[in-house]
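K.L.:
What follows is a single structure, and I will ask about it in a moment.
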Amino acid sequence: MIKLEHPYSFDPILDLIIERTVDVPKELVWKAWTTPSQLVQWFCPLPWKTIHCEIDLIPGGKFHTIMASPEGEQFPNTGCYLEIIPQKRLVWTDALSPGFRPSVSKPMNSFTYLTAIIELESVGNSTKYRAIALHSDEENRKRHEEMGFDVGWNTVLDQMVALIKEGKLGN
């Protein structure tokens, strides 16, 4: 597998970010992000649920989820991984389908396509966690922010950490 590491600079006009240190090891956070059976347990803020996940953890590999609303409406989303540095960085986008093909499906959300970056760094037995959402323009960033980016992405991180601490993830 080719490992790339590209520099990234936060652009407040186009990007949204959360940065926190969480009291669980980065190896368990990585597993929660890269194991379908674990990701479905925490990836949506409750009462929403992720009911299906497929991961092909290679550059160009598939990242596919189906989220379900409390009413049972399903929202599939398919993208591909762009960069994978084990236990350090995970980058994917729904602007591309697996195999780096331009996406032909409409995004499930009300903004256009998104690229996501998850970065992990050990801090003792804890993890410095950074999640970044890159948008094509200021309007889409604003729409994502208004949809609840900060609350939603922090909530799913809290759900993941709680499940790791309960021993339900990471093994």
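The values are calculated or read from the model by the stated rules, or taken from the named source; none is laboratory data. Predicted model, so just to flag it, every value in this text is computed and none were measured. Reconstructed Cβ throughout: ideal geometry from the backbone, glycine too, with neighbour counts over all protein chains shown.
K.L.:
If you check residue 152 against the conditions, is it out of contact with any Cys (no Cβ under 6 Å at 6 or more places or on another chain) and surrounded by fewer than 16 Cβ atoms within 10 Å (Cβ to Cβ)?
P.N.:
Yes: the conditions hold for residue 152.
K.L.:
Between a first residue in region 149-171 that is within 9 Å of residue 42 (Cβ to Cβ) and a second residue that is part of a helix (DSSP H, G or I) and among the charged types (D, E, K, R), which pairs have beta carbons less than 8 Å apart while being 6 or more apart in sequence or on different chains?
P.N.:
Cβ pairs passing all conditions: 169/31.
K.L.:
Okay, next question. Take the residues in region 57-109 that are acidic (Asp, Glu) and in a loop (DSSP other than H, G, I, E, B), then tell me which one is modelled with the highest pLDDT.
P.N.:
Filtering region 57-109 for residues acidic (Asp, Glu) gives 71, 73, 83, 94.
Adding the requirement that they be in a loop (DSSP other than H, G, I, E, B) leaves 71, 73, 94.
Numbers: 71: 97, 73: 94, 94: 91.
If we take residues in region 57-109 being acidic (Asp, Glu) and in a loop (DSSP other than H, G, I, E, B), then 71 is modelled with the highest pLDDT.
K.L.:
To continue, here is another question. Suppose we filter 29, 40 for residues that are within 18 Å of residue 157 (Cβ to Cβ), at pLDDT 95 or above, touching a Phe, Trp or Tyr at 6+ places or on another chain (Cβ under 7 Å) and not basic (Lys, Arg); which single one remains? Steps first, answer last, please.
P.N.:
Numbers: 40 fails: touching a Phe, Trp or Tyr at 6+ places or on another chain (Cβ under 7 Å).
Residue meeting the stated conditions: 29.
K.L.:
Also, quick follow-up: For residue 121, indicate whether it is modelled with pLDDT of 95 or more and assigned to a loop (DSSP other than H, G, I, E, B).
P.N.:
On the way: modelled with pLDDT of 95 or more: yes; assigned to a loop (DSSP other than H, G, I, E, B): no.
Criteria not met by residue 121.
K.L.:
Suppose we keep only residues that are in contact with a helix residue (DSSP H, G or I) (Cβ under 8 Å, 6 or more places away or on another chain) and not in a strand (DSSP E or B) within region 124-160. Which one would you say is farthest from residue 25 (Cα to Cα)?
P.N.:
135
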